[in-house]
Amino acid sequence: MAHRVRITGVEDVTHDVRRFSFERPAGFVFEPGQATDVAIDRDGWRDEKRPFTFTGLKDWDHLEFTIKIYPDHGGVTNQLGGLKKGDALLIEDPWGTIRYKGRGTFIAGGAGVTPFIAILRDLEDRGEIAGHRLIFSNRTERDIILRETWEAMQGLDRLFLVTDEPASRLAGGRIDADFLKRNIRDFGQHFYVCGPDGMVADVNAALKELGASPDALVFER
Ligand SMILES: Cc1cc2nc3c(=O)[nH]c(=O)nc-3n(C[C@H](O)[C@H](O)[C@H](O)COP(=O)(O)OP(=O)(O)OC[C@H]3O[C@@H](n4cnc5c(N)ncnc54)[C@H](O)[C@@H]3O)c2cc1C
C-alpha cells in the first residue's frame, strides 16, 4: 500500500549523502534493516520507484532515509537531491531480509551501511552494542557515512578502510579472503554484509571459504 508522506527535514550527511526526515503514517511499523520502494510525488516521477532503507529507530515519531545522491544518473536520487522540506514522497510497506540475528560483524561498502545504521542504532538504544564490530569500506575518508556516530558508539569495534586514498591513515585495500583471515578470529559468529552486488558476492564467498556457516550470513537476497 502506498503512503504519501511530507518531508520534514533535509540535511547533509557527507558531500553526496543526505538525510531525509519525513512523516510517519499512522500504524507504520518496520524492523531495523528493512527497506521500501520510494517514489517522488511529482508528475513524471510517481512510477519511478527505488529501494531505500529506513535508518531511524522503530519508536521515533518520524521516519528517516539516508540517501546517496547520484547526479550523473539523471534518475530518482538526482531528483531527491533537489527536494526540500514540504515536498512529498510515496513510500510502500517495508520489506527486506536484513535483520538482526545475533552478535556478529557488520561488513559494509559505501551506502550499503544504511541497514546497519538502523540495526546498530537500535542495539545501542537497547544497551547491547558492545561486542559487535563494524568493518566499513569507502573510496575516501570523506565518503564515510556517519563516522562520528560510529566513533561515539561505546563498545562498537570499528575498522574503517579506504580503497582510493593512499595518503589516508586508515587501512587501505579490499575486503577479500586474505583481509578477513588477518582481521577476523572467530568465523562462528554472524556476518552482516551489504554493499555493491559484486562486493557482497565476493565477501560472502570468502567468508564461507574461511568457515562461516551459510546460515550465519545475513544479506539482501
Ligand atoms: C534493498 C535496497 C536498499 C537500499 N537502500 C539504500 C539507502 O538506504 N540509501 C541509498 O543511498 N541507497 C540505497 N540503495 C541503493 C539505491 O536504491 C540506488 O542508489 C538507487 O536506486 C539509485 O537510483 P537512481 O535513480 O539515482 O539511479 P538509477 O537510474 O536507478 O541507476 C541504477 C543503477 O544503474 C547504474 N547507473 C545508472 N546511471 C549511471 C551512470 N550515469 N553512471 C554509472 N552508473 C549508472 C548504477 O549501477 C546504478 O546503481 C538500496 C538498494 C537496495 C536494493
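Bear in mind these aren't lab numbers, they're just calculated from the coordinates by the rules spelled out. None of these values were measured; they are calculated from a predicted model. All Cβ positions, even for glycine, are placed from backbone atoms using ideal geometry, and neighbour counts span all protein chains on display.
Observations on the model:
- Filter pass, Gly127 being in contact with a strand residue (DSSP E or B) (Cβ under 8 Å, 6 or more places away or on another chain) and within 25 Å of Thr55 (Cβ to Cβ): no
- Tally, over segment 56-67, of residues that are within 11 Å of the ligand (Cβ to nearest atom) and either over 19 Å from the mean Cα position of the chain (by Cα) or in contact (Cβ under 8 Å) with a residue 60 or more places away in the chain (or both): 1
- Positions within segment 3-31 being among the hydroxyl-bearing types (Ser, Thr, Tyr) and under 18 Å from Ala111 (Cβ atoms), in sequence order: Thr14, Ser21
- Of all positions in segment 101-108, none carries a residue that is of a type outside the set (Phe, Trp, Tyr) and near the ligand (Cβ under 9 Å from one of its atoms).
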